[in-house]
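Have a look at the structure below, then the notes.
Read the figures in this text as sums done on the coordinates, not as results from a lab. As the structure is a computational prediction, the values presented were derived from the model and not from experiment. Virtual Cβ from ideal backbone geometry, glycine too; neighbours counted across all protein chains shown.
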Amino acid sequence: MSPAGRPRIRHSGRRPALPVHAAALLLVMASSSSAVAQEPDVATVVDRIRAEGIERSGVAELFEMLATTIGPRLTASPQFFQAAGFARDRLADWGVANPHLEAFEFGRGWTLEGLTLEMTAPRYFPLIGYPEAWTPSTDGVIEGEPVYIGESGADEIRAMAERLRGRIVLAYPPQDEFITEDRPQPADHDESVRIGAPRMPRSRPAAGREINALLEEVGAGVVLEPNPGRHGTIFVLGNRNTKDNATPSIVLAAEHYNMLVRLVKSGHAPSLRVGLRVRYHEDDSNGYNVIAEIPGSDPAVANEIVLVGAHLDSWHSATGATDNADGAAAALEAMRILKAVGVRPRRTIRVALWGGEEEGLLGSAAYAAQHAVGRPDGERHYIYLNDDPGGGATRGWYLENNAALKPIFDDWLVPLRDLGMKKNVIEGIGSTDHVVFNRAGVPGYNTIKDYDDYDVRTHHTNTDFPERIAGQDLRESAIVLAVFAYRAAVWRGPLPRPAG
């Protein structure tokens, strides 16, 4: 749907309106012929981009720095600040113009400094679990039998207040629903398929918030929770607005949580040792976006911005390899490639690495506000290209129902087929940073990535490590971003926008 105020194209006169597909074809033919006439070296530049990205790639080192050396990059944590500074400095080293950090209000950071999580009776057994981000520390190490309240109502929980105070609490029923499939790969199907992540089974009952409030009220020592991952996979997030006096919360592997509940219910209650030590970081309450650009060379359109981006932040239980060190590394490498081959784009090509994406697209939303994106008084953003959900290779683009753009992007895809590009799909996808730009009236598009073991295994889990990413996929994804950014930056005239 068009933002309010955008003019709609109306047909006038006696000639009937062309069908949408015919109008799109004429637009592509006209734009392509203009581009060919005035930019005969586009194919040559694309070949140079490919050669640079294949023969002299630096993306593996960028990825390794983010996903191994720095590790988890929770927004406003010291590791996030390190990653943002690293990205800015690399862009400066390559000679990309005006590399800098743009701040936005976020809140305090959080890091985990110590975790004790073990069963000591009826046998010794180390438990697998991770605290939710921004949860507070426990009052030392808590030892004893856990109290199970997974089948108790609010009144029963209040009546148990004395038993719960300072104790380890198993707050929810055993996990009996699991996430068992990845989303379909739309680039592998001729017909439309379901877009986006599969439904996440609930690990908490509908009254979960009420239970947490009750546990806080009675002063429970720590709460243990299950999650819908299988085979030791743990989906664990967090809330940056968690209060200091909230009950500390740890998410366990479902199999381990269920084992504890079964022991309690069988009359063989286990004995546990649970301790959690965390640190809040309040010296700098900002999140940051990393920004740099290659200035446009055509005075008529140099102030139009082709924006390429990915989010730099991650969750904390792994190192954020597929979500989203691969996308951030590819975006950085795309800028290195473009600078190395000496492109002189008509429009400005800008890169943005976002903070705060995992907490609600906060960094990209702050950028849109700071730069007045989509407003007459703001910077003129021509298109936004985003690399996020999924891991590894890029297979195409989600086109946000923009039928007129499809033949253009399809044409740009052709010379990249040998690099794994397969298909652009007409559908859109949500829940990542391009959504902010579409809402502001700037066309934003997201890559189609590989999804093997993404939804069931790595997305927001403790298994999101570099072993899931192949170096060849990183090289090819960076080339795709560089080529599409360049093609957009030299395109003659406006790119078609979604209808409506």
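Points to keep in mind about this one:
- A Förster distance of 30 Å, applied to the separation of the beta-carbon atoms of residue 245 and residue 103, puts the FRET efficiency at 0.55.
- Per-peptide average of other Cβ atoms within 10 Å, ordering 404-414, 352-362, 128-138, 149-159 highest first: 352-362, 128-138, 404-414, 149-159
- Span from the the stretch 381-399 Cα centroid across to the the stretch 228-282 one, whole angstrom: 35 Å
- Here Cα extents along the principal axes in Å was computed from the coordinates, and among (i) 73, 58, 43; (ii) 71, 62, 50; (iii) 81, 52, 42 the match is (iii).
- Inter-centroid distance (Cα atoms) of the stretch 423-438 relative to the stretch 99-159, Å: 35 Å
- Of the peptides 52-60, 260-268, the order by per-residue mean of other Cβ atoms within 10 Å, starting with the highest, comes out as 52-60, 260-268.
- Using alpha-carbon coordinates, inclination of helix 254-265 to the longest axis of the chain, degrees: 20 degrees
- Lysine pair count for the chain with Cα-Cα distance under 29 Å and sequence separation of 8 or more or different chains is 9.
- Each of residue 414 and residue 194 was given a label point 7 Å from its Cα along the Cα-to-Cβ line. The distance between the two points is 3.6 nm.
- Approximating the spin labels as points 7 Å out from Cα along Cα→Cβ, the residue 143-to-residue 377 distance works out to 6.5 nm.
- Residues of the stretch 224-243 with an amide N closer than 14 Å to a point placed 7 Å from the Cα of residue 262 along the Cα-to-Cβ direction: 231.
- Taking the square roots of 5 times each eigenvalue of the Cα gyration tensor of the stretch 109-281, largest first, gives ellipsoid semi-axes of 30, 19, 17 Å.
- Think of it as helices only: each DSSP H run of n ≥ 4 in the chain is worth -39500 (n - 2.57), and spread over all residues that comes to -9000 deg cm²/dmol at 222 nm.
- If R0 is taken as 30 Å, the Cβ-Cβ distance between residue 68 and residue 283 corresponds to a FRET efficiency of 0.70.
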